[in-house]
Every structure is written in structure tokens, then in C-alpha cells.
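Shown next, in C-alpha cells, is the structure this report addresses.
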Amino acid sequence: MVKRPPKRRSSALPIGIVAALLLVASGLVGLIEMSAPSERPVPIGGGFSLVDGTGKPVSDRDFLGRHVLIYFGYTRCRDVCPATLATVAAALDGLGERADRLRALFISVDPARDTPAAVERFVSGISTKLIGLTGSPEALSQVARAYHVASVIHGGDPETALIDHDSVLYLIGPDGRYLAPIAADSSVAEMTRVLADRLR
Ligand code: NI
């Protein structure tokens with residue numbers, strides 16, 4: 001049982017109340033200050049330093065002047081990643097010459113298994129128009145964080161581990177700034193239309 005404090009003398013009460021009000025008021029000010037930053041949109045995107053399927057260093061600056069479509073995933077994915085990239089590839093085909101103003105990147109979330117060669121095999125098996133990128137664990141976690149892509153590895157066996165990962169396409173403008181997300185489950189027609197609108 002909590003012992004109640006001795007009853008205050010009447011003269012002490014107003015001071016206690018004033019002190020309590022001051023505490024509440026300063027607490028409210030603190031809350032308002034704390035909540036202000038979260039009302040601003042959290043920026044998405046940023047620079048990256050990775051390697052392509054041949055092991056050549058590739059950074060975000062290599063794509064300045066073109067739109068960039070980025071998808072995060074892993075090469076052992078058997079469903080969502082290949083399906084999404086197949087949709088992207090078909091949309092690029094549908095864009096015709098305009099597709100040259102866009103680069104479609106697949107960035108691995110699986111540094112342990114996605115070597116440059118594995119990434120190259122994976123993307124080239126879907127389309128020669130896709131660029132597969134991988135990198136060190138630090139480099140891949142940095143770019144995934146920048147794009148707010150979460151992933152969780154299931155299973156201890158590196159041969160069979162599955163990875164749950166966010167499945168979103170990010171469209172970046174020619175100036176390197178993030179423009180918009182594109183739903184990864186878009187149909188080929190929808191994705192072609194959205195990209196064509198941006199590449200006009
Ligand atoms: Ni996947």
C-alpha cells in the first residue's frame with residue numbers, strides 16, 4: 001500500500017498547484033516541440049555507392065540526367081521480386097525509345113548471398129534492360145535505410161533463408177531527387193502509363 005504524504009498546510013497548497021501547473025505547461029511545450037519534426041515528411045532517397053554485376057563501382061551520380069526506377073529485393077526470391085522485375089521489364093519495352101531516359105535498378109537486400117555475379121545472373125535472366133546492384137553489408141543497409149526499405153531474414157541456413165522485404169518501386173528524377181513511389185503490384189499497363197507520364 002502506498003503511504004499517503006502528510007496533509008499539506010493550507011498556505012502551501014497554492015504554491016503546490018502553481019508548481020504543478022508550471023510542470024504541466026512545460027510538459028506541453030516539450031510535447032509540441034517534440035511532435036513538430038515528425039510532422040515534416042521524412043525524406044526518402046539519397047546517395048549510394050554500390051557495385052554492378054561486373055563488380056564495377058556504381059553510384060547515384062552515374063544516373064544524373066535520367067529518371068531512375070529502383071526496386072529492392074534479393075536474387076533467391078521466388079515470387080515477388082522476379083514478378084515485379086518482369087513487370088518493370090515489360091513496361092520498359094512498352095515505353096519504346098522513351099525508356100532510354102530511364103534506368104531501372106535492382107538493389108539487393110541480401111549482401112551475404114547476392115554477389116555481383118548472382119545479381120547479374122538474376123537480372124539478365126529477366127531482361128537485359130535491368131541493372132543489378134549489390135555491395136557491402138554496410139553499403140546495402142545504408143541505401144535500404146535511405147529508402148525506408150525494411151527486410152527480415154528467416155531461417156539460419158544461408159542456402160535456404162527467405163527474406164521478407166518491403167516491395168515498393170521508387171521513382172527518382174533526373175536531378176537525383178525522389179519523386180514518387182510506384183506500386184510494385186501494378187499491371188504492366190499501369191506501370192507503363194505512370195512512367196510515360198513522368199517521361200513526357
Ligand atoms: Ni522478393
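None of the figures in this text is laboratory data; all of them are computed from the coordinates on show. Treat the numbers as computed from the prediction; the structure is a model and nothing was measured. Reconstructed Cβ throughout: ideal geometry from the backbone, glycine too, with neighbour counts over all protein chains shown.
With r as the distance between the Cβ atoms of THR54 and GLU138 and R0 = 35 Å, compute the FRET efficiency 1/(1 + (r/R0)^6) and round to 0.05.
Plugging the Cβ-Cβ distance into 1/(1 + (r/R0)^6) gives 0.95.
Write down the radius of gyration of the stretch 62-200 and its Dmax, each obtained from C-alpha positions, in Å.
That works out to 14.4, 47 Å for Rg and Dmax.
Using only the alpha-carbon atoms, what does the stretch 124-182 span along each of its principal axes? Please give whole angstrom values in decreasing order.
Extents along the principal axes, in whole Å: 41, 27, 22.
Please list log₁₀ I(q)/I(0) at q = 0.22, 0.24 Å⁻¹ for the stretch 65-109, using the Debye equation with identical point scatterers on the alpha-carbon positions.
The computed values of log10 I(q)/I(0) come out as -0.75, -0.84.
Find out how many positive minus negative residues lie around CYS81, taking Lys and Arg as positive, Asp and Glu as negative, among other residues whose Cβ is under 14 Å from that of CYS81.
-2
Quick one: net charge around ILE107, please, counting Lys, Arg +1 and Asp, Glu -1 for every other residue with C-beta under 13 Å from its C-beta.
Surrounding charge for ILE107 is -3.
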